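Visitor: If you scroll down you'll find the structure; I have some questions about it.
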Amino acid sequence: MDGSQGEFEFGAAPLEPSAVRRFLADNPDFLRSDEGLLAELGLSVATGQVIEFAPMARVHAAHQREAEQRQLLEEIARANFTAQAQTHGAVVDLLDARNNSDLARRVDDIARNRFGLAAGVIALESEGLPPAGWRELVEGQVDLILDGTHRLARMGRVPTALGLFCRDAGEIASVAMVRMAIWEPSRQGLLAFGSLDPEGFTPDMGHELVAFLARVVERTAERWPLL
């Protein structure tokens with residue numbers, strides 16, 4: 001290497017990184033003047049003595065975004081898998097109920113212990129007393145709480161639903177509710193879950209898993225008709 005002439009001679013010995021570094025340090029114009037080499041390295045000359053690494057930075061940023069998106073998808077997949085596994089376990093718990101009172105207790109246990117919620121309740125429109133542990137509703141109250149005659153479910157902050165939950169459930173901040181129809185003739189009811197987190201349930205969330213549990217509760221409750 002002759003720094004005064006700006007030339008680098010390749011001998012028989014392997015090229016060492018330290019030699020390349022010394023050459024570039026001794027000949028700073030070498031890299032700036034070779035546009036082809038700059039393009040291969042993903043670099044460009046800005047103004048003055050500045051070499052931009054923007055192309056390489058953009059590639060790195062794109063790879064970073066791709067990695068973040070992949071991580072997000074993996075987290076969503078794991079969360080969905082966990083929710084489905086917990087739901088399947090909840091179904092087994094519900095099917096093991098011995099009577100309607102035990103069914104209501106199991107709904108609350110599932111909410112608290114499987115899903116980390118504040119409470120879970122079964123509510124029923126009934127002229128007489130509902131099964132022990134169920135919340136009593138008057139005729140038309142299901143439509144009122146769901147805010148619609150034909151509405152199947154409702155998620156989010158619902159002030160009219162707060163009375164469904166006992167005081168020991170804490171300050172319910174969001175709910176997930178699904179309409180039920182039990183026995184013949186059909187009686188309107190609700191399966192409701194309450195969360196202390198205002199973002200625990202939001203209106204844009206899907207209600208498929210809650211609706212699935214509601215169908216299980218319906219079929220299980222019909223084992224023991226009301227007298």
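The values are calculated or read from the model by the stated rules, or taken from the named source; none is laboratory data. Here the structure is a predicted model, which means the values were calculated and not measured. No Cβ is skipped: glycine too gets one built from the backbone with ideal geometry, and neighbour counts run over all protein chains shown.
Visitor: Can you name every residue in segment 172-220 that is touching a Pro at 6+ places or on another chain (Cβ under 8 Å) and among the polar types (S, T, N, Q)? Don't jump to the end; show me each part of the working.
Guide: We begin by selecting, within segment 172-220, every residue touching a Pro at 6+ places or on another chain (Cβ under 8 Å); these are 173-174, 183.
Passing the criteria: only 174.
Visitor: Next question. Filter segment 174-199 down to the residues that are under 24 Å from the mean Cα position of the chain (by Cα) and crowded, with 22+ Cβ neighbours inside 10 Å and list them by number.
Guide: Taking segment 174-199 first, the residues under 24 Å from the mean Cα position of the chain (by Cα) are 174-179, 191-199.
174, 175, 176, 177, 178, 191, 192, 193, 194, listed by residue number.
Visitor: Now for a different question. Tell me, which strands (runs of 3 or more DSSP E) wholly within segment 80-159 include 2 or more residues that are touching a residue at least 60 places away in the same chain (Cβ under 8 Å) and under 22 Å from residue 197 (Cβ atoms)? Step through it out loud before you land on a result.
Guide: Values: elements: 119-125, 135-137, 153-156.
Fully inside segment 80-159 and qualifying: 119-125.
Visitor: Which one is surrounded by the most Cβ atoms within 10 Å (Cβ to Cβ) among residues in segment 75-94 that are in contact with a helix residue (DSSP H, G or I) (Cβ under 6 Å, 6 or more places away or on another chain) and closer than 26 Å to residue 187 by Cα? Show your work before the answer.
Guide: Of segment 75-94, the ones in contact with a helix residue (DSSP H, G or I) (Cβ under 6 Å, 6 or more places away or on another chain) are 86-87, 90-91, 93-94.
Adding the requirement that they be closer than 26 Å to residue 187 by Cα leaves 87, 90-91, 93-94.
Details: 87: 18, 90: 23, 91: 17, 93: 16, 94: 19.
The extreme case among them is 90.
Visitor: Would you mind telling me which numbered condition in (1) closer than 24 Å to residue 208 by Cβ; (2) surrounded by fewer than 20 Cβ atoms within 10 Å (Cβ to Cβ); (3) among the β-branched types (Val, Ile, Thr) residue 138 fails?
Guide: (1)
Visitor: Is it true that some residue in segment 166-183 is in a helix (DSSP H, G or I), over 16 Å from residue 110 (Cβ atoms) and assigned by TED's automatic domain parsing to the domain that holds residue 143? Full working, then the answer.
Guide: First, pick out the residues of segment 166-183 that are in a helix (DSSP H, G or I): 167-169.
Adding the requirement that they be over 16 Å from residue 110 (Cβ atoms) leaves 167-168.
After this cut, where a residue has to be assigned by TED's automatic domain parsing to the domain that holds residue 143 as well, the list is 167-168.
Among the residues of segment 166-183, at least one is in a helix (DSSP H, G or I), over 16 Å from residue 110 (Cβ atoms) and assigned by TED's automatic domain parsing to the domain that holds residue 143, which makes the answer yes.
Visitor: Hey, among the residues in segment 110-133 that are farther than 15 Å from residue 162 by Cβ and touching a Gly at 6+ places or on another chain (Cβ under 8 Å), which one's surrounded by the most Cβ atoms within 10 Å (Cβ to Cβ)?
Guide: Restricting attention to segment 110-133, the residues satisfying the condition of being farther than 15 Å from residue 162 by Cβ are 110-116, 122, 124-133.
Next, from what is left, pick out any that are touching a Gly at 6+ places or on another chain (Cβ under 8 Å): 110-112, 114, 122, 124-125.
Working: 110: 21, 111: 23, 112: 15, 114: 16, 122: 26, 124: 23, 125: 18.
Top of the filtered list is 122.
Visitor: In addition: Does residue 124 satisfy being within 13 Å of residue 191 (Cβ to Cβ) and in the same structural domain as residue 102 (by TED's automatic domain parsing)?
Guide: Values: within 13 Å of residue 191 (Cβ to Cβ): yes; in the same structural domain as residue 102 (by TED's automatic domain parsing): yes.
Judged against the criteria, residue 124 is a match.
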